[in-house]
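To start, the structure itself, in structure tokens.
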Amino acid sequence: MKENACLEIWGQRVVLTPYRKVHVPLYHEWMKSTFLQETTASEPLTLEKEYEMQKSWRDDQEKCTFIVLQR
């Protein structure tokens, strides 16, 4: 992700933006949903672990993780 850590993709209705530290609290709230946990095969994490996960995704050269924002 480091190579394109500043890349944003703008469409008419949405923006794809890199998953940044500022997104973690809201993402953490979303992932409390059992529906989202089941559909993404995810386990609930503490907020601290979620920050660690965001950092590991950001630093991983094999991943490119975006958050979808409504314009």
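No value in this document is a laboratory result; all are computed from the given coordinates. Keep in mind the model is a prediction, meaning the values are calculated, not measured. Cβ sites come from the backbone with ideal geometry, for glycine too, and all protein chains shown count toward neighbours.
Express the relative contact order of the chain as a whole percentage, based on alpha carbon pairs under 8 Å and six or more residues apart in sequence.
51 percent
List every residue whose amide H lies under 5 Å from the amide H of I67, counting only residues 5 or more places away in sequence or on a different chain, with H placed 1.01 Å from N in the peptide plane.
T17, Y19
Using a cut-off of 17 Å between alpha-carbon atoms, which lysines can reach K2, once sequence neighbours fewer than 8 places away in the same chain are excluded?
The reachable lysines, counting only those whose Cα sits under 17 Å from K2, are K21, K55, K63.
Could you tally the net charge around E43, taking each other residue with its Cβ under 12 Å from the Cβ of E43, Lys/Arg +1 and Asp/Glu -1?
Details: positive: K32, K49; negative: E38, E50.
Summing Lys and Arg as +1 and Asp and Glu as -1 gives 0.
Multiply the residue separation of Q12 and L69 by 0.36 nm, subtract the distance between their alpha-carbon atoms, and state the gained length in nm to one decimal.
Stretched fully, the Q12-L69 segment lengthens by 19.4 nm.
Would you mind checking the tilt of helix 47-59 against the longest principal axis of the Cα atoms of the chain, expressed as 0 to 90 degrees and rounded to 10?
40 degrees
Rounded to a whole number, what is D in µm²/s for the chain from Stokes-Einstein with the Kirkwood radius over alpha-carbon pairs (25 °C, 0.890 mPa s)?
Taking Rh from Cα pairs, D becomes 190 µm²/s.
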